[in-house]
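Read the structure below first, then the notes.
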Amino acid sequence: MNTKTILKGALAIVLGASLVGCGSSSSSSSSDGSKTYVIATDKTFSPFEMTDKKGNLIGIDMDLIRAIAKDQKFKIKINSLGFDAACTALESGEADGVISGMTITDERKKKYDFSDQYFQSGVSMAVAKNSKIKNYKDLKGKTVVAKTSTAGLSFAQSIQKKYGFKIRVVEESSLMYQTVNSGEAVACFEDTPVLKYMIGQGQVNFKLASKNEDPCYYGFAVKKGENKTLLSKFNKGLAKLKKNGQYKKILAKYE
């Protein structure tokens with residue numbers, strides 16, 4: 001075999017491998033024909049995503065996606081990555097969907113297709129229990145904290161100029177709470193149901209210092225124009241869970 005023939009053969013192998021890589025998908029099918037979808041989520045966003053004493057992922061979102069998968073007869077692999085990383089995984093094709101207490105917004109609709117809304121939320125400000133901060137006016141000249149790419153951060157930014165405070169942005173919810181506990185920030189902005197759950201469970205020694213702002217809804221997200229089948233299955237499953245009462249039971253479990 002001459003050198004040209006060897007080079008042609010090698011090039012064909014490389015091109016073949018490249019084509020296989022380009023056609024790859026995060027989802028897969030098993031021998032029984034059922035589909036396995038990769039679902040990305042946050043690391044901690046109680047009561048939607050959290051871990052139990054054994055390290056298992058639990059929470060409203062986790063119970064919901066598992067119940068829908070069971071009802072609609074598809075399999076899932078859940079990757080707990082952190083909110084920003086979950087969105088990046090979806091955009092890069094490393095995940096088929098994201099369920100992570102994601103607020104449905106017009107900006108996000110440019111990149112994602114959303115399911116029917118499955119939870120009503122909003123944003124509140126929380127402060128340390130012994131804090132003298134009573135309202136937004138008390139924030140002037142001080143530092144608040146919020147998590148990146150969240151409704152809490154967006155709301156804080158929307159009132160920042162009016163009330164004259166500084167914003168520190170962190171990657172994880174736990175870091176946000178630590179920043180308030182350490183005194184590096186006087187308040188945090190987070191989704192109201194999350195703060196109420198954390199305070200009610202005694203997981204943070206905080207109190208709410210504002211009303212529920214910017215009412216919004218959570219949705220399950222897939223990359224825009226892709227995974228329409230998965231989105232349809234989610235909506236069908238969600239409707240069925242609401243009809244048979246299982247949806248209410250999931251919510252009640254984490255009250």
Practice task
All but one of (1) part of a helix (DSSP H, G or I); (2) of a type in the set (Gly, Ala, Ser); (3) surrounded by 14 or more Cβ atoms within 10 Å (Cβ to Cβ) hold for SER232, so report the exception by its number.
Solution key: (3)
Fill in the blank from the handout: Only unsatisfied item for GLU190, checking (1) open to solvent by 70 Å² or more (accessible area, probe 1.4 Å); (2) touching a helix residue (DSSP H, G or I) at 6+ places or on another chain (Cβ under 6 Å), is (1)
Handout entry: Residues satisfying the stated conditions in region 114-161, i.e. surrounded by 14 or more Cβ atoms within 10 Å (Cβ to Cβ), at pLDDT 95 or above and part of a loop (DSSP other than H, G, I, E, B)
Key = SER115, ASP116, GLN117, TYR118, SER131, ILE133, LYS142
Completion exercise
Filter region 62-78 for residues that are outside any helix (DSSP H, G or I) and of a type in the set (Val, Ile, Thr); the one that is farthest from the chain's Cα centre (by Cα) is ILE76
Exercise for the section: Could you identify the single residue in TYR197, TYR217, TYR177 that is open to solvent by 40 Å² or more (accessible area, probe 1.4 Å), aromatic (Phe, Trp, Tyr) and either over 22 Å from ASP106 (Cβ atoms) or within 22 Å of the chain's Cα centre (by Cα) (or both)? Expected result: TYR217
Problem - Pairs with Cβ under 8 Å, 6+ apart, first in region 41-60 and farther than 17 Å from PRO193 by Cα and β-branched (Val, Ile, Thr), second open to solvent by 10 Å² or more (accessible area, probe 1.4 Å) and assigned to a loop (DSSP other than H, G, I, E, B) - result: THR41/LEU81; THR51/THR44
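Return the residue satisfying two criteria in turn: it lies in region 79-102 and is in a helix (DSSP H, G or I) and among the hydrophobic types (A, V, I, L, M, F, W, C), and of such residues it is surrounded by the fewest Cβ atoms within 10 Å (Cβ to Cβ).
Among them, the one singled out is ALA85.
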Problem - Residue match in region 49-66 (condition: among the charged types (D, E, K, R), surrounded by fewer than 19 Cβ atoms within 10 Å (Cβ to Cβ) and modelled with pLDDT of 95 or more) - result: yes
Exercise for the section: Test GLU171 against the criterion of being closer than 18 Å to PHE83 by Cβ, modelled with pLDDT under 95, open to solvent by 60 Å² or more (accessible area, probe 1.4 Å) and not β-branched (Val, Ile, Thr), and give yes or no. Expected result: yes
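The values are calculated or read from the model by the stated rules, or taken from the named source; none is laboratory data. The structure presented is a predicted model; accordingly, all values stated were derived computationally and were not measured. Note that each Cβ is placed from the backbone with ideal geometry, even for glycine, and that neighbours are counted across all protein chains shown. Heads up: the accessible areas ignore ligands, DNA and RNA and are worked out on the full protein's heavy atoms, side chains in. Shrake-Rupley method; radii C 1.70, N 1.55, O 1.52, S 1.80 Å.
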